[in-house]
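A short worksheet on the structure shown next.
The values are calculated or read from the model by the stated rules, or taken from the named source; none is laboratory data. Keep in mind it's a predicted model, so treat the numbers as computed, not measured. Note that each Cβ is placed from the backbone with ideal geometry, even for glycine, and that neighbours are counted across all protein chains shown. Keep in mind that these areas ignore ligands, DNA and RNA; they rest on the heavy atoms of the full protein, side chains included. Shrake-Rupley method; radii C 1.70, N 1.55, O 1.52, S 1.80 Å.
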Amino acid sequence: MQHIIAIDGAYSSPPCGEAGDEFKAMEMGFTFEGLSCPVPLPDATLDRIVLGHGSGGRLSHDLIRRVFLPNLSNPSLCALNDGAVLALPDGDGRLVVCTDAHVVRPLFFPGGDIGRLAVCGTVNDLAMMGARPLWLTAAFVLEEGLPIETLQRVVRSMQAAAAEAGVQVVAGDTKVVERGSADGLFITTAGVGWVPAGVEISGANARAGDVVLISGTLGDHGIAVLSEREGLGFETELQSDVAPLHELVKAMLTAAPGAVHALRDPTRGGLATTLNEIARQSGVAIEIEERAIPLHPAVQSACEMLGFDPLYVANEGKLVACVAPEAAEIVLAAMRAHPYGRQAAAIGRVKEGPAGQVTLKTPIGGTRLLDMLAGEMLPRIC
């Protein structure tokens, strides 16, 4: 039986759950690495990634069969084509497509890992447009020597996050790079979502008078990753906030249709950078109250100790919203009723101008200008 193998390493036949003839040779121990002068692999069980896993050939198919299909199986992925042809539900609304690369170090951190991060990050990019997430694709860059068990843990975590978000990983790709080239594992995800008719959300839609809402404490993800990476060991264990936010967004939109004008998740660059983006896109000014901003005590202590400003530390499970003033309390109540919005707070107002300016009112009555983050305060955190 002859199977077609994709040149670019994208997934191809055989069908889900069916081991092809080429796999039988592998199961008998005839496994080789290299093309012009193939070298027998020392262990036919192949418990680590080798360069051949990214060749698009036999070992690639074995990796797909052993790791990806058992965890992410669904009809579209099991078609094993280079891409998935998908029909819009009901033929109504608009399609949203997004993509994001994830290079966090370490791969596993308190409250999450790179797999959960990859799924939630892309789901949230869709949700911030008011979209209902539908499908994801995932491309893996694997470093030679990565333990298969590590990859298994990451893919299982992706499956769990995808199930929580109600999405499927419908297509993918795998590449393997030489040892020392990728720090273990990188993941790039793309997302497709559907925006119902009547939902108009954009970073350019904030209006003077809007109330600025935040869904919870700031900086949890960035400090949790940094703590794990550097072994800081805070007295109170801090967990990353990485989470899918589409259901929270749905609750907000349902509570007050048409009242949510702008949404954004404050990831890299934190709240301050995100507010600057909205202010510049919308041509408005934003003023926030320092005393109203929720902070986990451990984040506050860590930032004071390390000299970080928590307003610039990354988050992966929080959102910022600009909401019409007459509906702000209704939307805030809907947020607090959701598990991912229990600590939601109103933190400021949108003003007429100066366009693009973001300011912070301090507890002692002063005003501080908040600019965008310059450079990278905490690299490799998402």
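Reported count of residues in the stretch 191-226, each being under 30 Å from Leu134 (Cβ atoms), assigned to a loop (DSSP other than H, G, I, E, B) and of a type in the set (Gly, Ala, Ser), is 8. Take the residues of the stretch 167-185 that are part of a loop (DSSP other than H, G, I, E, B) and touching a residue at least 60 places away in the same chain (Cβ under 8 Å): which is surrounded by the most Cβ atoms within 10 Å (Cβ to Cβ)? Filtering the stretch 167-185 for residues that are part of a loop (DSSP other than H, G, I, E, B) and touching a residue at least 60 places away in the same chain (Cβ under 8 Å), the one surrounded by the most Cβ atoms within 10 Å (Cβ to Cβ) comes out as Gly184.
When Glu287 is tested against (1) at pLDDT 95 or above; (2) in a strand (DSSP E or B); (3) surrounded by 21 or more Cβ atoms within 10 Å (Cβ to Cβ), exactly one condition is not met: (3). Here Ala243 fulfils each of the conditions (1) part of a loop (DSSP other than H, G, I, E, B); (2) open to solvent by 10 Å² or more (accessible area, probe 1.4 Å); (3) modelled with pLDDT of 95 or more apart from (2).
Considering only residues of the stretch 83-106 that are out of contact with any Asp or Glu (no Cβ under 9 Å at 6 or more places or on another chain) and charged (D, E, K, R), which is modelled with the highest pLDDT? Before you say what the answer is, go through the steps one by one.
First, pick out the residues of the stretch 83-106 that are out of contact with any Asp or Glu (no Cβ under 9 Å at 6 or more places or on another chain): 83-95, 97, 101-102.
From the residues that got through so far, the ones that are charged (D, E, K, R) too are 90, 92, 94.
Values: Asp90: 63, Asp92: 68, Arg94: 84.
Once the filter is applied, the top-ranked residue is Arg94.
Taking (1) touching a Ser or Thr at 6+ places or on another chain (Cβ under 7 Å); (2) polar (S, T, N, Q); (3) part of a loop (DSSP other than H, G, I, E, B) in turn, Thr188 satisfies each apart from (3). Assess whether Leu151 counts as being buried (at least 22 other Cβ atoms within 10 Å of the Cβ), under 24 Å from Ala251 (Cα atoms) and of a type outside the set (Asp, Glu). Judged against the criteria, Leu151 is not a match. Would you confirm whether any residue within the stretch 43-64 is surrounded by fewer than 18 Cβ atoms within 10 Å (Cβ to Cβ), at pLDDT below 85 and part of a strand (DSSP E or B)? Checked the stretch 43-64: no residue is surrounded by fewer than 18 Cβ atoms within 10 Å (Cβ to Cβ), at pLDDT below 85 and part of a strand (DSSP E or B). Taking every residue in the stretch 366-377 that is among the polar types (S, T, N, Q) and in a loop (DSSP other than H, G, I, E, B) and pairing it with any residue that is modelled with pLDDT under 80 and open to solvent by less than 60 Å² (accessible area, probe 1.4 Å), at least 6 positions away or on another chain, yields no pair with a Cβ-Cβ distance below 9 Å.
Residues of the stretch 324-365 that are assigned to a loop (DSSP other than H, G, I, E, B) and open to solvent by 50 Å² or more (accessible area, probe 1.4 Å): Ala337, Arg342, Gln343, Glu352, Pro354, Ala355, Gln357, Pro363, Ile364, Gly365.
Taken over the stretch 125-150, the criterion of being in contact (Cβ under 8 Å) with a residue 60 or more places away in the chain, more than 19 Å from Gly203 (Cα to Cα) and outside any strand (DSSP E or B) is satisfied by Glu144, Gly145, Leu146, Ile148, Glu149.
Against the test of being surrounded by fewer than 24 Cβ atoms within 10 Å (Cβ to Cβ) and either assigned to a helix (DSSP H, G or I) or within 19 Å of the chain's Cα centre (by Cα) (or both), the options Ala279, Ala251 yield a single qualifying residue, Ala251.
The one condition from (1) open to solvent by less than 40 Å² (accessible area, probe 1.4 Å); (2) at pLDDT below 95 that Arg268 does not meet is (1).
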